[in-house]
1. Quick one: length gained pulling B:Gln222 to B:Val177 fully straight, 0.36 nm per residue minus the C-alpha distance?
2. Scan the range A:1-79 for trypsin sites (Lys or Arg not before Pro) in coil per DSSP, keeping those whose Cβ has at most 13 other Cβ atoms within 10 Å, and list them by number.
3. By count of other Cβ within 10 Å, fewest leading, how are B:Ser9, A:Ser88 ordered?
4. How much length is gained on full extension from B:Met202 to B:Val50, taking 0.36 nm per residue of separation minus their Cα-Cα distance?
5. Using a Förster distance of 35 angstrom, determine the FRET efficiency expected from the C-beta separation of B:Asp319 and A:Thr36, and round it to 0.05.
6. Based solely on its DSSP helices, what 222 nm [θ] is calculated for the protein assembly as shown when runs of n ≥ 4 H residues each add -39,500 (n - 2.57) and the sum is averaged over all residues, nearest 500 deg cm²/dmol?
7. To the nearest 20 debye, what charge dipole does the range A:30-98 have about its Cα centre, counting +1 at the Cβ of each Lys and Arg and -1 at the Cβ of each Asp and Glu?
8. Evaluate the charge dipole of the protein assembly as shown about its Cα centre and quote only its size in Debye, nearest 20, assuming +1 on the Cβ of each Lys and Arg and -1 on the Cβ of each Asp and Glu.
Amino acid sequence: MRVDEVPQDNSATFDGGRKAMYALGEDGKYRLVPSTGWEVEELVTSAAVAEFKAQADAALARARAGLTAPLEYHMYARRMDLQTLAQSAGLMRWRVRRHLKPAVFARLPDKLLRRYAEALGLSVDELRRLPPAP
Amino acid sequence: MQSQPFRHSHAAHCESGVMSSLLRHQGLDLSEAMVFGLSSALIFVHMPWVKVGGVPLTAYRMLPGAIIRGLQKSLGVRMRTHRYGNAAEAMRDLDRLLAERGAVGMQTSVYWLPYFPPDMRFHFNAHNLIVYGKDGDEYLISDPVFEHPQRCRGEDLAKARFVKGPFAPKGLVYYPVALPSRVDLGSAARAAIKRTARRMLMAPLPFVGVRGIRLMAKGVEQLPDKHPDLRYPRTYVASVVRMQEEIGTGGAGFRFMFASFLQEAAELTGREALREASELMTDAGDSWREFALGAARLYKRQDAADFPRLAEQLRVCADKEERVFRLLLRAV
């Protein structure tokens with residue numbers, strides 16, 4: 001990649017920042033060149049963000065209908081999946097899956113709720129609630 | 001050691017950038033590319049049976065921590081590291097270390113650092129940054145993948161240092177305590193190149209090195225047969241591109257950074273073959289960028305016919321890298 005080939009695509013995912021890329025200058029030597037983004041990278045990054053968003057939205061709808069616990073919504077809203085949440089809370093995956101059932105979640109002891117709240121960076125109160133409907 | 005004011009440098013990758021800056025702060029001037037090359041951090045690994053975020057693990061560099069460890073071996077730099085049982089203790093000790101040393105490296109999560117762009121905040125726990133001061137409740141941060149220095153509140157930094165899960169940082173801080181009295185960069189570079197070339201060509205594991213690239217090509221080719229609805233295949237190829245470009249690799253999954261290292265190694269050793277290898281590596285890197293472009297096109301078009309073409313692009317990368325590393329083995 002030559003310096004003039006370094007993409008400057010103003011990616012929204014960079015939020016105005018620039019990333020350092022290695023590229024060949026006219027003297028044939030490598031140097032670091034700041035890049036405002038590449039559309040290829042922006043596409044795959046936004047796709048990953050959108051996937052979490054879609055999962056959070058779906059979980060929110062199900063939680064409002066009483067089909068899943070608020071925990072599932074908060075998990076996706078924090079860009080986690082079952083595995084990540086289980087690891088961050090230090091619990092087995094099957095236990096987390098069980099805690100996603102509304103009836104089980106409603107009866108969770110404070111100790112476990114605090115563990116989830118800590119992993120998700122929420123208060124126990126926030127963990128129990130869903131965001132207000134628009 | 002001394003305490004001259006710390007200078008922030010923009011780098012492509014977090015761990016190599018942190019080590020380059022920390023060493024320069026102590027008076028050993030090494031570029032990020034040299035740090036990366038000398039620690040033999042370049043690799044290719046593709047493990048179809050290990051799933052990360054639901055897709056196979058694909059890596060263009062060695063495990064987190066390999067650069068810090070590799071540099072100690074390669075140059076004889078001595079580092080001191082601390083891990084902590086709890087955040088309060090770790091933050092107290094950070095203030096003490098800052099007063100003593102002026103700058104320390106540390107491992108954190110990406111997700112819990114508020115200064116990251118919202119779209120870049122994912123749960124990756126092996127990010128590296130330098131803390132070089134404190135202003136009220138805010139720590140002054142030199143994060144190499146950012147163009148300018150950042151600030152982070154103590155509470156947020158503590159959270160980022162004590163996430164649980166894979167690569168849990170446990171508050172890890174590190175700093176150089178002794179530099180080698182003399183450094184023979186030329187011979188260190190040759191030894192490092194030999195290690196990397198051997199790993200890329202001769203690792204007795206079919207998922208490592210050039211064979212790993214070909215294994216991934218085969219996997220990509222078979223994707224539409226195994227998953228006709230293409231939902232999973234699209235996520236698969238997109239995540240490979242993220243590992244290659246998004247995470248701060250300097251472009252083409254560290255291949256351009258490595259080519260830059262080879263150029264410096266050629267200067268140091270006077271070996272023309274290293275210059276030629278650098279050019280070939282640049283060419284291989286350009287092919288990786290074309291692969292990424294092809295993957296993006298595939299992601300958009302969702303046409304099963306695109307997969308064999310994408311696999312072919314990967315085989316081109318594999319062939320080109322094989323040439324580079326064979327040449328390197330002969331040259332060092």
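1. Working: separation 45, 0.36 × 45 = 16.20 nm, distance 5.08 nm.
In short, 11.1 nm is gained.
2. Qualifying residues, ordered by number: A:Lys29.
3. Values: B:Ser9 17, A:Ser88 27.
Listing B:Ser9, A:Ser88 from fewest to most nearby Cβ atoms yields B:Ser9, A:Ser88.
4. Result for the pair: 52.5 nm of gain on full extension.
5. Calculated value: 0.60.
6. Values: 18 runs with 240 residues, N = 466.
Value at 222 nm, helices only: -16500 deg cm²/dmol.
7. Values: 10 positive and 7 negative charges, 103 e Å.
With only Lys, Arg, Asp and Glu charged at Cβ, the dipole is about 500 debye.
8. Details: 67 positive and 52 negative charges, 422 e Å.
With only Lys, Arg, Asp and Glu charged at Cβ, the dipole is about 2020 debye.
Read-outs throughout are calculated quantities, based only on the coordinates presented, and are distinct from any laboratory measurement. These numbers were taken from a predicted model, which means no experiment stands behind them. Backbone-built Cβ (ideal geometry, glycine too); neighbour counts: all protein chains shown.
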